[in-house]
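Undergrad: I have a structure here, written as structure tokens, and I will follow up with some questions on it.
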Amino acid sequence: MAQPTPPSSYENLRTVISGRHETLSKRLRQIAEFALANPNDMALETVSEIAKRAAVQPSSLIRFSKAFGFDGFSSMQRVFRGRLTERQPSYHQRLQDLKENSDAPLTAINVLDRFTEAASHALDHLREEARPERLEHAIELMAQSERIHIIGQRRAFPVAAYLNYMLSHLGCRVSLIDSIGGMTFEQARDISPKDVLLAISFQSYAPESVEIATQAQEQGTPVIAITDGPLSPFSALSDVCFEVEETQVESFRSLSACMCLSLSLVVCLGYRLEKTTDFDGLFNG
């Protein structure tokens, strides 16, 4: 049997691993799940440390690498390291690209036009791809939970903060894991199987969010994820996963579709709970 050609980029490797996941042996599936959920560890840790964290033998990591065409773990690890060297353009570079690639003068109204058009496309895509059964499932999970925990780091933080604000107006018991003082895992310590975790994360996925979602899943806490595609590690970690495709203008991404989805979930939850005491404040605050 011919040796498969090893993927040369992290995106290709992630696609191949996801596509072959169900055909792998139990031990190799275990490594695949760890690798997709912890790409930073795969890039930076030693074989022995990765094997320990993934609960496998070091030799299994070598077999895993060879299953995807690599001659050993080190050559696969270089692909994971390549992911860390990929950098988003700086804001200065993004502004330069926006100026150079604009057909019209870079006036305030033209910039607004480009972003509103991009947001409109994102909202259209959200409506086309939204599945009623997923929306209903997410609302039911939140309605039945004792407490709703929310985590969203980096670009996802505004969505998490907005959800916390709106759910508080409904009178829900809600906790925002905001990581102030580096207390991420201490704040998440009280998550129980009777609660629900709302995790918002986009590429490159915050390791803290991935780890909190992993811990929640392992202890039986329902996870609702808002993320950006089927290859997101949150697809495998969540009970309900919303894949939201935000359009971008020269690497600037808005949160229009994510905010719209979040508002829709909270309003529907409000009707589901029939708590109208401060419902007006949700819109007037």
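Undergrad: Just the projected area, averaged over all directions, of the convex hull on the alpha carbon atoms of the range 112-272: how many nm²?
TA: Reported value for the Cα convex hull: 9.3 nm².
Undergrad: While we're here: Hey, with R₀ at 41 Å, roughly what FRET efficiency would Glu218 and Arg127 work out to, going by the Cβ-Cβ distance, to 0.05?
TA: In this case the efficiency is close to 0.75.
Undergrad: Starting from the Cα of Phe185, step 7 Å along the direction of its Cβ; do the same at Thr23; then give the gap between the two resulting points in nm.
TA: Modelled inter-label distance: 3.7 nm.
Undergrad: How large is the helix-only mean residue ellipticity at 222 nm for the chain, computed as the sum of -39500 (n - 2.57) over DSSP H runs with n ≥ 4, divided by its residue count, in deg cm²/dmol to the nearest 500?
TA: My calculation for the chain gives -17000 deg cm²/dmol from helical runs alone.
Undergrad: Okay, moving on. To the nearest 20 debye, what is the magnitude of the charge dipole of the range 112-272 about its Cα centre, counting +1 on the Cβ of each Lys and Arg and -1 on the Cβ of each Asp and Glu?
TA: Roughly 380 debye, rounded to the nearest 20.
Undergrad: How large a share of the accessible area of the chain, in percent, is made up of carbon and sulfur atoms when the probe is 1.4 Å and the other protein chains stay in place?
TA: Its accessible area is 51 percent carbon and sulfur atoms.
Undergrad: So, R0 is 51 Å and r is the distance between the beta-carbons of Ile109 and Leu44; what FRET efficiency does that work out to, to 0.05?
TA: So the FRET efficiency works out to roughly 0.65.
Undergrad: Still on this model: Taking every eigenvalue of the Cα gyration tensor of the range 1-56, multiplying by 5 and rooting it, what semi-axes result, largest first, whole Å?
TA: 19, 14, 11
Undergrad: Can you list residues from other chains, or at least 5 along the same chain, whose modelled amide H is less than 5 Å from the amide H of Ser175?
TA: Counting only residues 5 or more places away or on other chains, the set is Ile148, His149, Ile150.
Undergrad: Moving to a separate point now. Considering only protein heavy atoms, what per residue accessible area in square angstrom results for the chain with a 1.4 angstrom probe?
TA: Solvent-accessible surface per residue comes out at 53 Å².
Undergrad: Kirkwood hydrodynamic radius, the chain, all distinct C-alpha pairs: what's the number in Å?
TA: 20.8
Undergrad: Would you please give the residues with an amide H less than 5 Å from that of Cys241, counting only those at least 5 places away or on a separate chain, with H modeled from the backbone geometry?
TA: Residues meeting the criterion, in which the H sits 1.01 Å from N, are Ala225.
Undergrad: Once the dipole of the range 112-272 is set up with Lys and Arg at +1 and Asp and Glu at -1 on Cβ about the Cα centre, which of Ala118, Ser175, Gln203 lies farthest towards its positive end?
TA: Ser175
Undergrad: Rg to Rh for the range 156-246: what is it, with Cα atoms only and Rh by Kirkwood?
TA: That ratio is 0.93, to two decimals.
The values are calculated or read from the model by the stated rules, or taken from the named source; none is laboratory data. Values in this document were obtained by computation on a predicted structure and should not be read as measured data. Glycine gets a Cβ as well: all are built from the backbone with ideal geometry, and neighbour counts include every protein chain shown. The area values use the complete protein model at the heavy-atom level, side chains included, leaving out ligands, DNA and RNA. Shrake-Rupley method; radii C 1.70, N 1.55, O 1.52, S 1.80 Å.
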